[in-house]
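Okay, so here's the structure we're looking at.
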Amino acid sequence: MLTNYFTDHEPASCFVAVYTDKVIGYILGTLDVEKKKRILWRKIIPALLIKALRKKLFLNRGNFKFFLRISRSFVKGEFFIPKFSDQYPATLHVNIYKEFRGRKVGARLVEHYMKFLSSKGCKGVHLGTMSESAKNFFISQGFSILYKNVRSYLKPYTGKSYPYYILGKKIKNNGED
């Protein structure tokens, strides 16, 4: 669900980092997060739900309890996110293999992605994370915190709720800020 839209509907906005013929990280993105949301809700999520029902995944007690926890978090408003797409229409998802973190791979991917967005005339990019280290990484890359909330659905598994951050960055296009 996390990668399907990017790889199947906007592959030109996806980039990989390779070291000695091995993929060590990637950045997946979209120029239009509203288009991504429409396709996600109209095509990807319904197909995944049908697949889950056919495989009877909700009959598994653990899966059903997890689904209920996410549903409660949704009803509590934990998944509410203000609309940032007018000023920050692009989004991204980045992942670097653990053994290559701290080696500037993520920074180089983000820099490359920002140049790509700039070349397309995009005025801003935003992303969400529950990771403090990811939040700090993106702040070091010039992103600002736009919104903060809490996610509690993992608390029964980890013993704690997690902050959820939305970070954004304006993109320089043709000398503009």
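Any read-out appearing in this document is the output of simple, stated calculations on the displayed coordinates, not a laboratory observation. Please read these numbers as outputs of a predicted model, since none were measured by experiment. Please note: Cβ atoms are built from the backbone with ideal geometry, for glycine as well, and neighbour counts cover all protein chains shown.
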(request) Quick one: order Lys98, Lys172 by neighbouring beta-carbon count within 10 Å, fewest to most. (result) Lys98, Lys172
(request) Could you work out which residue, out of Ala52, Ala12, Ala90, moves most in a Gaussian network model of the chain, that is, has the largest mean-square fluctuation with Cα springs under 10 Å? (result) Ala52
(message) What are the ³J(HN,Hα) couplings of region 122-130, residue after residue, when phi is run through the Karplus curve with 6.51, -1.76, 1.60 and θ = phi - 60°? Round to Hz, x for glycine and proline.
(response) 6, 8, x, 9, 9, 7, x, 8, 9
(request) Just list whichever of Lys104/Lys148; Lys55/Lys115; Lys35/Lys148 have alpha carbons separated by over 31 Å in the model shown. (result) Lys55/Lys115
(request) Could you work out the mean projected area of the convex hull around the alpha carbons of region 60-148, in square nanometres to one decimal? (result) 7.9 nm²
(request) Identify which of the listed values of percent of Cα pairs over 31 Å apart was calculated from the structure shown: (1) 21; (2) 28; (3) 8. (result) (1)
(request) Pop out the ³J(HN,Hα) list for region 61-68 in order, Karplus 6.51 cos²θ - 1.76 cosθ + 1.60 with θ = phi - 60°, rounded to Hz; leave Gly and Pro as x. (result) 4, x, 5, 5, 5, 5, 4, 5
(request) Rank these for me by crowding, Cys122, Cys14, going from fewest to most other beta carbons within 10 Å. (result) Cys14, Cys122
(request) Please give the calculated 222 nm ellipticity per residue for the chain, where each DSSP H segment of at least 4 residues contributes -39500 (n - 2.57) and the sum is spread over every residue; nearest 500 deg cm²/dmol? (result) -10500 deg cm²/dmol
(request) Please tell me which of these pairs span more than 29 angstrom C-alpha to C-alpha: Lys36/Lys56; Lys22/Lys172; Lys56/Lys83; Lys22/Lys56? (result) Lys22/Lys172; Lys56/Lys83; Lys22/Lys56
(request) Specify the longest stretch of the chain that does not include any exposed loop site, a site being one of the chymotrypsin sites (Phe, Trp or Tyr not before Pro) with a non-H, G, I, E, B DSSP assignment and at most 16 other Cβ atoms within 10 Å. (result) 98-177
(message) Test of understanding: ordering Val110, Val125, Val150 by Cβ neighbours within 10 Å, fewest first, what list do you get?
(response) Val150, Val110, Val125
(message) Give me the percent relative contact order of region 4-170, please, defined on Cα pairs under 8 angstrom at least 6 residues apart.
(response) 23 percent
(message) Given N residues in region 1-92, what is its alpha carbon radius of gyration divided by 2.2 N^0.38 Å?
(response) 1.34
